[in-house]
2 protein chains.
Amino acid sequence: MAPVRIAVVGLGKIARDQHLPAIAANPAFTLVATVSREGDGVPGVPHFQSLDQLLERGPAIDAAALCTPPQVRHELAAMALARGTHLFLEKPPGATLAEVAALQGMAQASGATLFASWHSRFAAGVAPARSWLAGRRIDRVQITWREDVRVWHPGQAWIWEPGGLGVFDPGINALSIATHILPQRFFLKSAVLEFPANRAAPIAADMHFCDTHGAPIHMDLDWRQTGPQTWDIVVETDAGRLTLSNGGAVLALPDRTERDEDREYAGLYAHFAALIRSGQCDVDVTPLQLVADAFLCGRRREVEAFED
Amino acid sequence: MAPVRIAVVGLGKIARDQHLPAIAANPAFTLVATVSREGDGVPGVPHFQSLDQLLERGPAIDAAALCTPPQVRHELAAMALARGTHLFLEKPPGATLAEVAALQGMAQASGATLFASWHSRFAAGVAPARSWLAGRRIDRVQITWREDVRVWHPGQAWIWEPGGLGVFDPGINALSIATHILPQRFFLKSAVLEFPANRAAPIAADMHFCDTHGAPIHMDLDWRQTGPQTWDIVVETDAGRLTLSNGGAVLALPDRTERDEDREYAGLYAHFAALIRSGQCDVDVTPLQLVADAFLCGRRREVEAFED
């Protein structure tokens with residue numbers, strides 16, 4: 001099978017750190033173009049200022065990876081899907097749930113593959129954690145996701161704008177893992193969201209969920225943690241404790257600990273290639289739905305202004 | 001077929017004004033119990049302080065209508081569905097999207113009918129409006145929903161609490177109509193939500209949506225309108241203007257105006273009976289999804305405190 005001719009749209013940190021190396025390492029894909037309003041692209045690969053320009057006068061493409069901020073993603077996605085271009089959406093798949101539903105409709109109509117990716121689901125410990133939890137009784141879950149926004153999102157103004165999610169930008173990674181490994185659905189009972197006085201998005205959140213069997217799930221989400229960073233999910237079960245740490249990379253079970261090298265984006269692109277080959281879509285909006293629920297029902301608290 | 005033995009849970013204004021008369025007028029149902037923490041129920045019908053008590057020592061029921069505030073609806077709904085009781089949910093179907101998804105899963109598992117009702121969809125002008133718009137090109141939509149909260153929700157504290165939706169409590173009625181009559185999906189582009197300084201829910205919202213063909217949809221939602229009230233949807237099309245006013249009761253088309261008596265709850269209960277007979281569910285969360293999107297992505301503005 002000829003490699004899938006792919007373009008990467010939005011050459012920010014995540015595209016350069018993860019997408020370009022993963023595409024280069026996967027023989028199922030060949031990078032034929034990059035798009036970004038600013039900057040230079042990649043040596044030897046045609047570069048365009050906009051997706052419009054690429055589609056008008058660039059090389060033919062079969063697929064595109066959208067790595068732009070969520071607030072501008074929908075228009076680009078709709079433009080590509082209308083031409084039957086297979087789409088890899090960075091997380092979150094859109095700024096709103098309704099626009100993602102609209103994209104699903106377009107993908108169905110055009111026959112293109114739509115992949116709403118959640119990279120954390122491809123962390124090394126996640127698949128074995130899911131297998132181990134299947135069928136177990138869940139007694140209690142603690143999700144702790146505390147990091148330093150100044151380290152991970154330096155100067156990224158869009159993340160503090162409406163639709164930018166604030167601390168839910170990392171928090172949605174935790175939710176993408178939890179919704180994937182826990183055997184029951186869960187939903188919000190109460191939440192407090194802390195908004196800096198000068199920002200439109202939260203810097204911290206404290207959330208209580210409950211699964212359909214009544215097990216409590218507590219989530220502590222904070223962007224003000226300096227020093228060691230914490231990305232842990234601890235699940236108490238009838239067979240003992242499971243701890244998934246380092247954002248899903250390290251899995252500790254009662255009888256063993258597993259750690260493996262990072263392969264999130266390699267896994268994502270392998271999955272995208274398989275979806276394209278089989279003509280399927282993979283769009284699970286559950287993590288974004290839980291975030292929307294937190295904004296809908298959470299109590300808001302104003303906290304100290306945040307300056308980059 | 002024997003009448004469906006139904007209980008009404010939550011005897012607030014909507015239950016007394018609408019549900020009880022509609023059930024009394026429909027021979028497919030017989031009211032066998034009422035539930036509310038306070039008050040007296042209905043002469044001649046067994047009354048219980050809680051759904052627990054009804055299920056433990058009350059008469060057998062086949063169905064229940066949940067008319068409690070959305071913040072406490074899920075627990076009652078789950079309790080009823082677990083026993084295979086058919087459920088009629090007042091709008092909105094829950095405080096969160098994820099809890100409604102969980103109820104859908106439970107209904108599927110138990111074989112019970114779950115009906116997430118949107119009463120405005122049963123207003124007299126809505127079905128003919130939907131038929132008239134099918135297949136037309138939509139150029140522009142204006143939704144104006146302005147009412148006086150002091151008249152319609154006097155002293156209802158829950159409506160201002162997180163999960164109570166504020167002005168989206170009436171606004172979701174407009175969205176339930178718009179999502180039903182417009183031929184294309186639509187999604188949020190931008191929103192400004194106005195929160196009184198002393199309240200956790202918005203008193204007004206200004207929203208710009210866009211449908212999948214690019215048509216702009218503007219929504220003006222306000223709870224501070226004294227004097228005449230406005231519940232209008234105006235749709236400009238390639239065949240002229242459609243105006244749905246009085247909350248869906250009056251339909252004006254280029255060549256005629258239709259007005260009919262109010263039959264929303266009669267229509268809802270006829271539909272619920274048909275769903276039970278055919279073993280189906282009707283759960284469309286699109287209106288609640290659009291509201292969640294507005295909270296997720298809308299810009300927030302603080303306005304003057306509101307006192308009842």
For A:Val235, A:Val42, what ranking results if the residue with the fewest other Cβ atoms within 10 Å of its Cβ goes first? A:Val42, A:Val235
Could you work out, for the protein assembly as shown, what percent of all Cα-Cα pairs fall into each 20 Å distance bin, beginning at 0 Å and stopping at the bin that holds the largest distance? 18, 51, 28, 3, 0
Sorted from largest down, give the three principal axis spans of the alpha carbons of region A:25-182, whole angstrom values. 57, 37, 34
Net charge around B:Arg130, counting only other residues with Cβ within less than 14 Å of its Cβ (Lys, Arg = +1; Asp, Glu = -1)? 0
Loop-resident sites, region A:1-104, for GluC sites (Glu not before Pro), counting at most 16 other Cβ within 10 Å (DSSP): A:Glu38
Which distances in nm, rounded to one decimal and ordered from shortest, link the label point of B:Gln184 to the equivalent label points in the other identical copies, with labels set 7 Å from Cα toward Cβ? 4.3
Principal axes of region A:240-293: Cα extent on each, largest first, Å: 40, 32, 17
Hey, what number do you get for the protein assembly as shown at 222 nm if only DSSP H runs of n ≥ 4 count, each worth -39500 (n - 2.57), divided across all residues, to the nearest 500? -8500 deg cm²/dmol
Mind checking which of A:Ser110, A:Ser190, A:Ser278 has the largest fluctuation in a GNM of chain A, springs on alpha carbons under 10 Å? A:Ser278
Chain B: equivalent-ellipsoid semi-axes (sqrt of 5 x gyration tensor eigenvalues, Cα, Å): 32, 23, 18
Placing +1 at every Lys and Arg Cβ and -1 at every Asp and Glu Cβ, with all other atoms neutral, what dipole size does region A:4-116 have around its Cα centre, in debye to the nearest 20? 120 debye
Would you pull out the residues with amide H under 5 Å of B:Arg185's amide H, same chain only if 5 or more places away, H placed 1.01 Å from N? B:Thr212
Cut-off 14 Å, label 7 Å out along Cα→Cβ of A:Thr30, residues of region A:48-78 by amide N: A:59-63
Mind putting together the pair-distance distribution for region B:140-205? All Cα pairs, 5 Å bins, whole percent per bin, short to long. 3, 15, 24, 25, 16, 10, 6, 1
What gaps in nm, shortest first, separate A:His213 from its twins in the other copies when you place the label 7 Å past Cα toward the beta carbon? 4.9
Residues of region B:142-171 with backbone N under 12 Å of the label point set 7 Å from the Cα of B:Val72 along Cα→Cβ are B:158
Between region B:275-308 and region B:212-237, what's the alpha-carbon centroid distance in Å? 16 Å
Order of A:Met1, A:Met219 - criterion: other Cβ atoms within 10 Å of each residue's Cβ, fewest first: A:Met1, A:Met219
Can you list the distances in nanometres, one decimal and ascending, from the A:Trp152 label point to the identical position in each other copy, with the point 7 Å along Cα to Cβ? 4.1
Over chain A, what is the percentage of antiparallel beta bridges among all DSSP beta bridges, to the nearest 5? 55 percent
Out of B:Val167, B:Ala157, B:Val235 - ranked by how far each Cα lies towards the positive end of the dipole of chain B, with unit charges on the beta-carbon of charged residues - the top one is B:Val235
Principal axes first, then extents: for the Cα atoms of region B:155-298, list largest minus smallest coordinate on each axis, whole Å, largest first. 44, 40, 35
With chain A treated as a Gaussian network of Cα nodes joined by springs under 10 Å, which of A:Ala292, A:Ala60, A:Ala273 yields the largest mean-square fluctuation? A:Ala60
Around A:Ala252, under 11 Å between beta carbons, what's the net of Lys plus Arg minus Asp minus Glu among the other residues? 0
Dividing the alpha-carbon Rg of region B:213-308 by 2.2 N^0.38 Å yields what? 1.45
Assertion target for B:Cys67, B:Cys210, ordered by fewest C-beta neighbours within 10 angstrom first, is B:Cys210, B:Cys67
Using only the Cα atoms of region B:4-116, construct the convex hull and provide its projected area averaged over every direction, in square nanometres to one decimal. 6.4 nm²
In 5 Å bins starting at 0, how do the alpha-carbon pair distances of region B:203-249 split up by percent? 5, 16, 21, 27, 18, 9, 4, 1
With only alpha-carbon atoms counted, please give the Rg and Dmax of region A:110-171, in Å. 16.5, 44
Tally Lys/Arg at +1 and Asp/Glu at -1 over every other residue whose Cβ is under 12 Å from the Cβ of B:Leu87; what's the total? -1
Cα-projected label distance for B:Arg150 with A:Lys13, points at 7 Å along beta-carbon direction, nm: 5.1 nm
Using a Förster radius of 22 Å, what is the FRET efficiency between A:His218 and B:Asp52 based on their Cβ-Cβ separation? Nearest 0.05, please. 0.25
Please compute the alpha carbon radius of gyration of region B:60-101, then divide it by the globular-protein estimate 2.2 N^0.38 Å. Two decimals is fine. 1.07
So A:Asn198 and A:Val234, fully extended at 0.36 nm per residue minus their Cα-Cα distance, gain in nm 9.6 nm
Need one number: % antiparallel among DSSP beta bridges in the protein assembly as shown, to the nearest 5. 55 percent
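None of the figures in this text is laboratory data; all of them are computed from the coordinates on show. The structure displayed is predicted, hence computed values, not measured ones. Reconstructed Cβ throughout: ideal geometry from the backbone, glycine too, with neighbour counts over all protein chains shown.
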